[in-house]
Amino acid sequence: MLWRIRQYEFRFPRPTLVMGIVNVTPDSFSDGGQFLEADRAVAQALELIAQGAEILDIGGESTRPGAIPVSEAEELRRVLPVIEQLAGRVAVPLSIDTMKPAVARAALAAGASIVNDIAANRDDDTMWRVIAETGAGYVCMHMQGSPQTMQIRPAYTRVVDEVEVFFRDRMEKLNARGVRADQVVFDVGIGFGKTVEHNLQLLAGLSGFTRLGRPLLVGASRKSFIGKLLGADVAERLPASLACACLAVAAGGQIIRTHDVAQTAQAVRMTEAILTRQTNDVA
């Protein structure tokens, strides 16, 4: 499998990619306000690279349940200085975490290479045309509803099957708008329009998504379903987040999105080392 993202190229199988999160927001559920100033966000980004991040995901709008949307101008004010300072200074791809096509286009012009789109459930094709025109990598995430509505009684008949159908439908639409398959990564959207049970079913069923033939990104880091299941506050969710990351790697996931890069990188490298021995024993 090949993932082409502008000037970068990742060929799988290869070691799991660790995507470090940089929230340039005042209200993100885990670290809102810590990196709102551009200089602090840049310093955090450089620290995450030092810890082993191979992609940086930079976002200027919180997408936690019930989050208040921000204007296009405000989102650009938050993220563009960070991307501009990092572009050309770091050797890893920069991802813009946004639902807005205009923000995506400006971020790509400033040096980003990937668009992480939680709103791939949209009907409007403007974002997809931006991806096609720029050759950017595209993270196509499943979400039921919007950040404002997604946790109001999410419902599925068979969540794993329905998410797979969504991905197949999106790929057809993306191809029709000129987006190549090798630009696309899928994300099942842990915590986005799902109950605790839905999230657990998706994590348990991750291996089934590998038949889609595209890399799989998993982002369970510090999410609220962990707290609901285990009674853990945000600051106490690292062990469970690592468990999800290791399970995702074992199931065939290729990219782990995380707040805790050093710990996650160590956990997934150990998981890979064990899996390699299992493969060798079978051979």
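The values are calculated or read from the model by the stated rules, or taken from the named source; none is laboratory data. Quantities reported herein were computed from a predicted structural model and do not represent experimental measurements. Don't worry about glycine lacking a Cβ; one is built from the backbone with ideal geometry, like all the others, and counts go over all protein chains shown. The area values use the complete protein model at the heavy-atom level, side chains included, leaving out ligands, DNA and RNA. Shrake-Rupley method; radii C 1.70, N 1.55, O 1.52, S 1.80 Å.
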Problem - Gained length - Ala73 relative to Ala250, 0.36 nm times residue gap less alpha-carbon distance - result: 59.6 nm
Fill in the blank from the handout: Under the 7 Å Cα-to-Cβ spin-label approximation, Glu9 and Leu46 lie apart by a distance in nanometres of 3.1 nm
Practice task
Starting with the highest mean, order 80-91, 51-62, 146-157 by the number of other Cβ atoms within 10 Å, averaged over the residues of each peptide.
Solution key: 51-62, 80-91, 146-157
Handout entry: region 150-283: C-alpha gyration tensor shape, a/c 1.5 cut-off, then a/b vs b/c
Key = oblate
Practice task
Could you run the Karplus curve 6.51 cos²θ - 1.76 cosθ + 1.60 with θ = phi - 60° over region 71-86 and give me ³J(HN,Hα) per residue in whole Hz, x for Gly and Pro?
Solution key: 6, 4, 4, 5, 4, 5, 4, 6, 8, 4, x, 5, 5, 5, 6, 7
Problem - Estimated distance in nm for a label pair at Glu197 and Arg177, the labels positioned 7 Å out from Cα along Cα-to-Cβ - result: 3.4 nm
Problem - Filter on Lys100/Lys223; Lys100/Lys194; Lys100/Lys228 - keep pairs with C-alpha separation over 25 Å - result: Lys100/Lys228
Practice task
Take region 124-200, compute every pairwise Cα distance, and split them into 10 Å bins from 0; I just need the percent in each bin.
Solution key: 19, 45, 29, 8
Completion exercise
Per the C-alpha gyration tensor (a ≥ b ≥ c, the square roots of its eigenvalues), the chain is rounded if a/c is under 1.5, else prolate if a/b beats b/c, else oblate; here it's rounded
Fill in the blank from the handout: The percentage of the accessible area of the chain (probe 1.4 Å, all protein chains present) made up of carbon and sulfur atoms, to the nearest whole number, is 52 percent
Problem - R0 of 35 Å, Cβ-Cβ distance Thr149-Arg277: FRET efficiency to nearest 0.05 - result: 0.15
Problem - Prolate/oblate/rounded label for region 1-157 (Cα gyration tensor, a/c 1.5) - result: rounded
Practice task
Compute the accessible area per residue over region 224-273, keeping the other protein chains in place, probe 1.4 Å, unit Å².
Solution key: 43 Å²
Completion exercise
Here region 263-272 yields Karplus 3J(HN,Hα) values (6.51, -1.76, 1.60; θ = phi - 60°; whole Hz; Gly and Pro given as x) of 5, 5, 4, 5, 5, 6, 5, 5, 4, 4
Fill in the blank from the handout: Expressed per residue, the solvent accessible area of region 1-126 in Å² (1.4 Å probe) is about 40 Å²
